[in-house]
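Rule-based calculations on the coordinates, nothing more; no lab input. Small disclaimer: the values here were computed from a predicted structure and weren't measured. As a convention, Cβ positions derive from the backbone with ideal geometry for all residues, glycine included, and neighbour counts pool all protein chains shown.
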Amino acid sequence: MARKERPQTPDGRYIVARGVLKRCTNPDLDDQLRRKAVKKMMQARMSGDKSAVIAAKTELGEAGPVWWTDGAPDLSGVAPQTTDYREWWENLTAAELEAGHADSKLAK
């Protein structure tokens, strides 16, 4: 399933995949820089170079320091129903919830 099909938090910081929050790419990232980092990440994934994958994710803002500036913590890896996103999560449609649990042990 494509990442764009997964539920995204109203503030645009996370998608939900496998039942947990995953940080989104920094929306303020220059498109050319984003494309280069995505290419690096895909090449690193194909070669199995985990440290290069993490480096590319850091360039994208999906790992490392958070890209937002309001001091909110990074909730990556946390189930949305245990965070301030609980009300949003509980109001998603069944299809959206299923998309957020795809490939997880919680999927039905």
Exercise. Taking H placed 1.01 Å from N in the peptide plane, check which residues at least 5 places from Leu21 or on another chain put their amide H under 5 Å from its amide H.
Key: Gly77, Val78, Ala79
Quiz item: Given R₀ = 41 Å, FRET efficiency for Glu90-Met46 by Cβ-Cβ distance, to 0.05?
Solution: 0.60
Practice problem: Would you look at the GNM of the chain, springs on alpha carbons closer than 10 Å, and say which of Ala72, Ala17, Ala63 moves the most? | Solution: Ala72
Quiz item: Each residue of the stretch 72-79 in order: what ³J(HN,Hα) in whole Hz does its phi give by Karplus 6.51 cos²θ - 1.76 cosθ + 1.60, θ = phi - 60°, with x for Gly and Pro?
Solution: 5, x, 7, 9, 4, x, 9, 5
Quiz item: Of Lys57, Lys39, Lys22, which has the largest mean-square fluctuation in a 10 Å C-alpha GNM of the chain?
Solution: Lys39
Quiz item: Along the positive direction of the dipole of the stretch 55-99 (beta-carbon charges: Lys, Arg +1; Asp, Glu -1; about the Cα centre), which of Ala94, Pro80, Ala55 reaches farthest?
Solution: Ala55
Quiz prompt | Acute angle (nearest 10 degrees) that the helix 50-60 long axis makes with the longest principal axis of the chain, alpha-carbon atoms | solution = 80 degrees
Quiz prompt | 18 Å cut-off, amide nitrogen to a point 7 angstrom out along Val38 Cα→Cβ, residues in the stretch 52-91 | solution = 53-63
Quiz item: Which angle from 0 to 90°, rounded to the nearest 10, does the C-alpha axis of helix 31-47 make with the longest principal axis of the chain?
Solution: 90 degrees
Practice problem: In whole Hz, with x marking every Gly and Pro, tabulate ³J(HN,Hα) for the stretch 87-93 from phi via Karplus 6.51 cos²θ - 1.76 cosθ + 1.60, θ = phi - 60°. | Solution: 4, 4, 4, 5, 9, 6, 6
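Can you give the Rg/Rh ratio of the chain, where Rg is from the C-alpha atoms and Rh is the Kirkwood radius? Working shown, then result.
Numbers: Rg = 14.4 Å, Rh = 14.7 Å.
My calculation puts Rg/Rh at 0.98.
Arranged by the count of other C-beta atoms within 10 angstrom, fewest first, what order do Arg35, Arg23 take? Write down the numbers at each step before the final one.
Values: Arg35 11, Arg23 21.
Listing Arg35, Arg23 from fewest to most nearby Cβ atoms yields Arg35, Arg23.
Magnitude of the Cβ-charge dipole of the chain, K/R +1 and D/E -1, about the Cα centre, nearest 20 debye? List each step's numbers first, then the result.
On the way: 18 positive and 16 negative charges, 127 e Å.
So the dipole magnitude of the chain works out to roughly 600 debye.
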